[in-house]
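Below is one structure; the comments refer to it alone.
Rule-based calculations on the coordinates, nothing more; no lab input. These numbers were taken from a predicted model, which means no experiment stands behind them. So basically every Cβ, Gly included, is an ideal-geometry build from the backbone, and we count neighbours across all protein chains shown.
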2 protein chains.
Amino acid sequence: MQFYEDLVVGAVERFGRYEVTREEVLDFARKYDPQAFHLDDAAAARTHFGRLAASGWHTAAMTMAMLVAHWQGAGYRGLGSPGIDELRWLRPVYPGDVLSVEAELLMRRRSKTRPERGIIRSASRTLNQHGEVVMTMVSNGMVEVGDPAAPIGE
Amino acid sequence: MQFYEDLVVGAVERFGRYEVTREEVLDFARKYDPQAFHLDDAAAARTHFGRLAASGWHTAAMTMAMLVAHWQGAGYRGLGSPGIDELRWLRPVYPGDVLSVEAELLMRRRSKTRPERGIIRSASRTLNQHGEVVMTMVSNGMVEVGDPAAPIGE
């Protein structure tokens, strides 16, 4: 197990490999974002997307899948998230793309009201196979404190 | 069809009805957010969620489903979104909850570089069946301009 006190502010990590399939793009869009450019090749070709593109919320969900796998693989146990400060969809994501993540820890501090919880803020960039940034976000999260003497934060 | 020029800044609308099923909560979490409190009753009971809760990204996706249905029902054609300015998960969403949305148009203006596009910013609140706010977000979007003489924006 890893804990709040093991996190290093400023550390940058690269991880993840997510193959975007046409079937999954269509399935997500049908359920949650049934706009024509996420569902129909001909309609998408008439928009600035150029061709069938994944919902931005799908890109966020695929990014989350990579983040969770990374944290769990590293031995951290998350305690949920109060929210996202900024999320930007910078380029379309297409079926056939392979996504990965680069994340930097911006801040950590212990909760004032619940000192057994650490509060963290991190910036992530979601990249496609060409190294282009398709999405960025600044997210807040909570993580377990292992050592009661862990630093208050920075 | 409705266009940019039909949007009224300050208008508040309530819409949507989304029944959160246990099967869908588990399905989304398995694919995109496999943390214990989204997958396992006993594990969730040991956390501040109290019981099995939906992924926050799932709540965002369900909210998007209601937003898209509303816009499409009203006759607007979206052109995609550059991103979200702030997203907050305020309360857990549980299987059995019934969600709805309240949205306010905060700003509209025409794109300087592409005057055939309108840029809008709106604030939405996602509510459960008790009228409690479970999620808020401020989102940016683009919508078609119908009338070339439409106002620049406010």
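Across peptide B:135-143, the average count of Cβ atoms from other chains found within 10 Å of a residue's Cβ is 1. Rounded to the nearest 10 degrees, the angle from helix A:22-32 to the longest Cα principal axis of chain A is 80 degrees.
Sorted shortest first, the separations between the B:E144 label point and its copies elsewhere in the assembly read 5.3 nm; each point sits 7 Å from Cα along the Cα-to-Cβ line.
Remark: mean inter-chain Cβ contacts per residue of A:84-97 equal 3, using a 10 Å Cβ-Cβ cutoff to other protein chain atoms. Entry note, the protein assembly as shown: the mean residue ellipticity at 222 nm calculated from DSSP H runs of n ≥ 4, each adding -39500 (n - 2.57), is -7500 deg cm²/dmol after division by the residues and rounding to the nearest 500. Once both labels are positioned 7 Å from their Cα atoms along Cα-to-Cβ, the gap between B:L106 and A:E132 label points is 2.8 nm. With a 10 Å cut-off around each Cβ of B:35-48, the average count of Cβ atoms from other chains is 2. Summing +1 for each Lys or Arg and -1 for each Asp or Glu among the other residues whose beta-carbon sits under 11 angstrom from that of B:Y4 gives 0. Subtracting the Cα-Cα distance of A:V8 and A:A45 from their residue separation scaled by 0.36 nm leaves 8.9 nm. Ordered by the number of other Cβ atoms lying within 10 Å of each residue's own Cβ, fewest first, B:F49, B:F15 fall into the sequence B:F15, B:F49.
For chain B, the longest principal axis of the Cα atoms and the long axis of helix B:56-74 meet at an angle of about 40 degrees.
Each of A:V145, A:V8, A:V93, A:V98 was scored by other Cβ atoms within 10 Å of its Cβ. Listed from fewest to most, they are A:V8, A:V98, A:V145, A:V93.
Net charge of the neighbourhood of B:G75, taken over other residues with C-beta under 12 Å away and scored Lys/Arg +1, Asp/Glu -1, is -1.
When only Cα pairs below 8 angstrom with a gap of at least 6 residues are kept, chain A shows a relative contact order of 30 percent. Reported to the nearest whole Å, the Cα centre-to-centre distance from the stretch A:1-71 to the stretch B:107-151 is 22. The Cβ shell under 10 Å around B:L39 holds other residues with a net charge of -2, Lys and Arg each +1, Asp and Glu each -1.
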